[in-house]
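Encoded as structure tokens, the structure appears first; notes follow it.
The values are calculated or read from the model by the stated rules, or taken from the named source; none is laboratory data. Here the structure is a predicted model, which means the values were calculated and not measured. Please note: Cβ atoms are built from the backbone with ideal geometry, for glycine as well, and neighbour counts cover all protein chains shown. These area figures cover heavy atoms from the full protein model, side chains too; ligands, DNA and RNA do not enter into them. Shrake-Rupley method; radii C 1.70, N 1.55, O 1.52, S 1.80 Å.
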Amino acid sequence: MMDAIRKRRSIRKYKSGKIDEKDIIEILENAILAPSAGNLQSWEFVLVKTMEQKKKLADAAFGQDFILDADFVVVVCADQKRSSMVYGERGYELYSIQDTAAAIENILLTVTEKGFGACWVGAFDESMVRDIINCPAHVKPVAVIPVGIPDEKPNMPERIPLRRVLHWERF
Ligand SMILES: Cc1cc2nc3c(=O)[nH]c(=O)nc-3n(C[C@H](O)[C@H](O)[C@H](O)COP(=O)(O)O)c2cc1C
């Protein structure tokens, strides 16, 4: 897993190749092992593989057309109501999003371990994505994740060094 953490990159170029549905299901089986507030698991996944839906998602993502070349696109959503039933406002606004973010990282690391490539796409018109996936009002689309066979090997974008972001005891 340490290896996957270091190897993972945002991949935005995919080869035409077919990822088995079985692999995508295994990836999502790992997604649901993520921690969640009160174990409420406020995630929902919409799996997209048709060109018709991929085109609409790429448009909603302001023309990020690399989405079209992915074999599958996972739209990860937060069921804000599920978390708010127990945790009120904090569940609605924060925990449900954090639950999905943890699930998303599990997806990205599992994709890496399988030798596939993915990218966390967060820049999209939310109301367009809602329409495309028929999203209920209490559910919020959080990320669009294209998954495919990598056709690039990007270097790691520079990180702000730990010493700049680490604070002992207080800021
Ligand atoms: C919340 C969030 C939103 C992002 N949105 C996009 C996006 O819309 N399009 C894109 O190409 N990459 C997007 N990324 C990927 C980042 O650009 C990428 O993670 C960052 O540059 C570091 O590169 P790395 O993932 O290879 O380490 C997003 C990442 C996060 C966490």
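May I ask you to list, by number, the DSSP H helices of the chain whose Cα span along the axis is at least 24 Å and whose average Kyte-Doolittle hydropathy reaches -1.0 or more? Span-like helices in the chain: 96-113. Heavy-atom accessible surface of Ser84, to the nearest 10 Å², is about 30 Å², with a 1.4 Å probe and all protein chains retained. Projected over every direction and averaged, the convex hull enclosing the alpha-carbon atoms of the stretch 129-171 yields 7.0 nm². Between Val142 and Val76, Cys77, Ala78, the built amide H atoms are under 5 Å apart, and every one of these is 5 or more places off in sequence or on another chain.
Reported to the nearest whole Å, the Cα centre-to-centre distance from the stretch 4-48 to the stretch 54-129 is 10.
Using the Kirkwood radius over Cα pairs, work out the Stokes-Einstein diffusion coefficient for the stretch 53-171 at 20 °C and 1.002 mPa s, in µm²/s as a whole number.
Values: Rh = 16.1 Å.
For these conditions, the coefficient is 133 µm²/s.
The protection proxy used here, the mean number of other Cβ atoms lying within 10 Å of each residue, ranks peptides 62-73, 47-58 as follows, highest first: 62-73, 47-58.
In the stretch 1-119, the C-alpha radius of gyration followed by the widest Cα-Cα span (Dmax) gives 15.1, 45 angstrom. Close amide H partners of Phe72, meaning residues 5 or more places away or on another chain with modelled amide H under 5 Å apart, are Val147.
Of the beta bridges DSSP finds with both residues in the stretch 2-149, what % are antiparallel, to the nearest 5?
Values: 18 of 19 bridges.
The answer is about 95 percent antiparallel.
Amide H to amide H distances under 5 Å link Tyr14 with Asp151, where only residues 5 or more positions off or on other chains count and H is placed in the peptide plane.
Under the definition of Cα pairs under 8 Å and six or more residues apart, what whole-number percent is the relative contact order of the stretch 40-171?
Values: 189 pairs, mean separation 39.5, N = 132.
About 30 percent, as a whole number.
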